[in-house]
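Encoded as structure tokens, the structure appears first; notes follow it.
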Amino acid sequence: MATTVTVKVYFEAAHRLHNPGKPEDWNREVYGKCNNPHGHGHNYVLEVAVEGEPNPETGYLMDMKDLKEIIRRVVVSDCDHRHLSIEVPWLAGINPTSENLARVFFDRIEPEVPAAVRLAAVTVHETDRNSATYRRSFDY
């Protein structure tokens, strides 16, 4: 059995949901107000879970403040108070749905976690009622 540690960080950002390969009327119909050409904003909650076996000396799987620092450095520092569709170079060409953000954030965070720890899941909460989670399956 593995232990899971989860942290949450917060940031504010705008985005526009838009598929450039589709006509404007399709985008308006599919994305509604989320297709506003000027974007719209969210108070995002980014929830990151890591798993593994706690270190017997410290009792920690991973120091939570270290995990928060990784998240802030590789995601939040670029995204906070930005327009995700325009101002974040590593999101260029990605439709910033919660589903896509969870996957991209996972890919950015995963190489930064210590070798003894596995990134289990990244959840992006756009609102208190709407979120998307990306996880990879692990063979133990």
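Read the figures in this text as sums done on the coordinates, not as results from a lab. No experiment lies behind these values; they were computed from the predicted model shown. Heads up, the Cβs are rebuilt from the backbone with ideal geometry, glycines too, and the neighbour counts pull from every protein chain shown.
Assorted remarks:
- Fraction of antiparallel bridges per DSSP, the chain only, in percent to nearest 5: 95
- In a fully extended conformation the segment linking residue 64 and residue 12 would gain 16.6 nm over its present Cα-Cα distance, using 0.36 nm per residue.
- Evaluated at q = 0.15, 0.17, 0.20, 0.24 Å⁻¹, a Debye calculation over the C-alpha positions of region 38-109 (equal weights, vacuum) places log10 I(q)/I(0) at -0.57, -0.69, -0.88, -1.16.
- Local electrostatic count at residue 128 - Lys and Arg +1, Asp and Glu -1, tallied over other residues with Cβ under 13 Å: 0
- Over the chain, dividing the summed -39,500 (n - 2.57) contributions of all DSSP H runs of at least 4 residues by the number of residues returns a 222 nm mean residue ellipticity of -5500 deg cm²/dmol.
- All aspartates and glutamates inside 15 Å of residue 65 as judged from Cα atoms, apart from same-chain residues fewer than 8 positions distant: 47, 112
- Under 13 Å, Cβ to Cβ, from residue 102 - net charge with Lys/Arg +1 and Asp/Glu -1: -1
- Relative contact order %, region 3-135, counting alpha carbon pairs below 8 Å whose residues are six or more apart: 32
- 10 Å-binned pair-distance histogram of region 13-140 (Cα, whole percent): 12, 40, 29, 13, 5, 1
- Counting only lysines at least 8 places from residue 68 when in the same chain, those with an alpha carbon closer than 28 Å to its own are 8.
- Euclidean distance of C-alpha centroids, region 94-140 and region 6-41, integer Å: 19
- At q = 0.18, 0.30 Å⁻¹, base-10 log of I(q)/I(0) for region 74-123 (Debye sum, equal scatterers on each alpha carbon): -0.58, -1.24
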